[in-house]
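See below for the structure under consideration.
The values are calculated or read from the model by the stated rules, or taken from the named source; none is laboratory data. Remember, it's a predicted structure, so these values are computed and weren't measured experimentally. Cβ: placed from backbone, ideal geometry, glycine included. Neighbour counts: every protein chain shown.
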Amino acid sequence: MHDPLSRCSWCNLSDRDRQWLLFETESWSVFLADEQDYIGRCMLVCKRHCAALSDLTTQEWTDLKQAVDRIEVCLKTALHADLCNWSCLMNSFYKSDPPVPHLHLHVRPRCKQPVLLNGSAYPDAEFAHHYDPKKKSVLREEDRMALFKHLKAHLPL
């Protein structure tokens, strides 16, 4: 029988995926998400293979709070986000049998004014409404690295 962790997408990230690492804490890795349906969307991934929020240790909760504070300040400073939507949806892991869930959270900055990158404007058409779960990436690929560098430059210490 194969080790289920060998099938975990978060435990086996490629170097290509790791290039989007914004910062790490003791317990969490924070990445610019590949799906930029909302400009600046990031993922906070537990470094330990953990299946649910209820499985977090007290130290991981404390560390998560620090990561949340840091990424929210960054998104509000760099992108002028008015608020941040947070979600922890583990559904996709249960499409495989057996499932191999790995705890992660999504943060979607929500901006009343369009985000400007490299001369392109990215409006948030759903601002002040629930995010659209079927929305596809809107960020031009050539703007992704510019966004990454912009966020890195605005990370508080």
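Descriptive notes on the structure:
- Selection within the stretch 88-129 - touching a residue at least 40 places away in the same chain (Cβ under 8 Å) and farther than 30 Å from His49 by Cβ: Arg110, Cys111, Val115, Leu117, Tyr122, Asp124, Phe127
- Cys11 vs. criteria closer than 18 Å to His154 by Cα and either in contact with a His (Cβ under 8 Å, 6 or more places away or on another chain) or hydroxyl-bearing (Ser, Thr, Tyr) (or both): no
- Residue satisfying all of: in the stretch 53-86; surrounded by 11 or more Cβ atoms within 10 Å (Cβ to Cβ) and either on the phi > 0 side of the Ramachandran plot or among the small types (Gly, Ala, Ser) (or both); nearest to the chain's Cα centre (by Cα) among these: Ala67
- Test: residue in the stretch 119-132 that is within 12 Å of Gly40 (Cβ to Cβ), of a type in the set (A, V, I, L, M, F, W, C) and assigned to a loop (DSSP other than H, G, I, E, B): no
- Elements of type strands (runs of 3 or more DSSP E) contained in the stretch 6-57, each with 3 or more residues being of a type in the set (A, V, I, L, M), closer than 11 Å to His104 by Cβ and modelled with pLDDT of 95 or more: 42-46
- In the stretch 117-128, the qualifying residues are those that are touching a strand residue (DSSP E or B) at 6+ places or on another chain (Cβ under 9 Å) and loosely packed, with under 13 Cβ neighbours inside 10 Å, and the one that is farthest from Cys84 (Cα to Cα) is Ala121.
- A search for C-beta distances below 9 Å between a residue of the stretch 1-23 that is under 24 Å from Pro99 (Cβ atoms) and among the hydroxyl-bearing types (Ser, Thr, Tyr) and any residue that is modelled with pLDDT of 90 or more and loosely packed, with under 13 Cβ neighbours inside 10 Å, counting only pairs 6+ apart in sequence or on different chains, returns Ser6/Asn12.
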